[in-house]
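Peer 1: Have a look at this one.
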Amino acid sequence: MLALRLGESPLRFAETWFSLGRLLLAMHLLYLDDAGSIGNSSEKHFILAGIAVFERQAHWLQTELDSLAGELVHGDPSSIEFHGNSMLAGRGRWRSMRPEQRRALIRRGLRTAWALHGQWRLFGAVVDKQARSPEDPVAYAFEQVCSRFDQFLLRLHRQNDTQRGLIILDKSTQETRLQSLAAEFRREGHRWGVTRNLADVPLFVDSRATRLIQYADLVSYALWRKFEKSDSEFFNVIAGAFDQEGGVVHGLHHFKRQGSPCDCSACVLRF
Ligand SMILES: [Zn+2]
């Protein structure tokens with residue numbers, strides 16, 4: 001594939017190598033999943049959230065979640081998929097467990113990131129759809145998360161730790177506006193400036209193929225339970241893990257109706 005094909009211009013070949021080279025640099029990966037349906041007016045929020053890990057950490061988080069899955073099944077742990085909504089509702093293979101067991105498993109799933117030794121942090125945007133109207137809440141959440149991830153990478157760069165960022169989204173989110181936003185994203189940059197630190201267009205992967213997307217699902221579900229259902233049990237596990245510096249939370253953004261009270265760290269420790 002990489003051989004210079006007959007008739008291919010050397011310039012085109014060099015561009016291909018340049019693109020690959022950028023992907024081969026040390027990299028921070030941001031895995032994201034969404035919660036909340038845009039078309040469903042009975043739901044108040046749209047949420048986009050997940051975890052950013054240094055590339056070498058991805059393997060270890062995968063291993064931690066595999067190990068948790070291994071406790072639940074004899075045989076192939078990959079047959080267990082962590083998905084917050086199905087777990088809490090007791091659907092499919094979760095049906096045989098008691099509700100408190102399923103809740104405990106969601107909390108344990110969220111805690112697996114604490115076994116990582118290197119850099120990791122959470123990012124998320126919670127958008128009250130009505131409060132943001134008529135703006136597209138998906139575009140707004142996507143820009144917020146990309147911008148905050150970009151700022152985090154810029155901070156690393158200023159500390160002489162230059163890394164590229166790559167955004168990886170659950171394939172199921174393609175049905176939403178995210179697919180077209182991802183395509184526009186590199187071309188136009190986000191509204192606060194060009195995303196200089198992001199390596200390429202976001203990728204879409206199947207949640208069954210990587211535990212990291214399943215972890216992102218648990219994070220977005222924890223936010224969903226807190227903001228949509230007033231159930232803070234899962235959010236409390238991860239509340240302190242959103243990107244922050246000097247006591248200011250940058251990694252979590254909550255857009256709500258002006259003046260409405262909120263105790264989340266994004267509102268209390270406002271960027
Ligand atoms: Zn808040």
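Peer 1: Once all Cα-Cα distances of the range 101-173 are split into 5 Å bins that start at 0, what whole-number percent is in each one?
Peer 2: 3, 11, 15, 17, 19, 16, 11, 6, 1
Peer 1: For every other residue with a beta carbon closer than 12 angstrom to the beta carbon of residue 239, add +1 if it is Lys or Arg and -1 if Asp or Glu, then tell me the sum.
Peer 2: That sum, taken over residues with Cβ under 12 Å, equals -1.
Peer 1: Another question, then. Roughly what percent of Cα-Cα pairs across the range 28-268 reach past 34 Å?
Peer 2: Roughly 11 percent, rounded to a whole number.
Peer 1: Normalised by the residues of the range 28-268, what does the relative contact order come to in percent, with Cα pairs under 8 Å and at least six apart?
Peer 2: Rounded, it is 30 percent for the range 28-268.
Peer 1: Listed here are the pairs 44/171; 44/256; 171/229; which of them are more than 21 Å apart at the Cα?
Peer 2: 44/171; 171/229
Peer 1: Show me the ranking of peptides 262-268, 26-32, 62-68, 219-225 by mean Cβ neighbours inside 10 Å, starting with the highest.
Peer 2: Those peptides, ordered most packed to least, come out 219-225, 26-32, 62-68, 262-268.
Peer 1: What ranking of 168, 51 emerges when the number of other C-beta atoms within 10 Å of each C-beta is taken as an exposure proxy, fewest first?
Peer 2: Ranking 168, 51 by Cβ neighbours within 10 Å, fewest first, gives 168, 51.
Peer 1: Where does the charge balance sit around residue 225 when Lys and Arg score +1, Asp and Glu -1, over other residues with C-beta under 9 Å from its C-beta?
Peer 2: Surrounding charge for residue 225 is -1.
Peer 1: Where Lys and Arg each count +1 and Asp and Glu each count -1, what net charge lies around residue 100 among other residues with Cβ under 14 Å from its Cβ?
Peer 2: Computed value for this residue: +3.
Peer 1: By count of other Cβ within 10 Å, fewest leading, how are 80, 47 ordered?
Peer 2: Final ranking by Cβ density, sparse to dense: 80, 47.
Just so you know, all these numbers are worked out from the coordinates, no wet-lab data involved. Owing to the predicted nature of the structure, the values given are computational and were not obtained by experimental measurement. Every residue, glycine among them, receives a Cβ derived from its backbone with ideal geometry; neighbour counts consider all protein chains shown.
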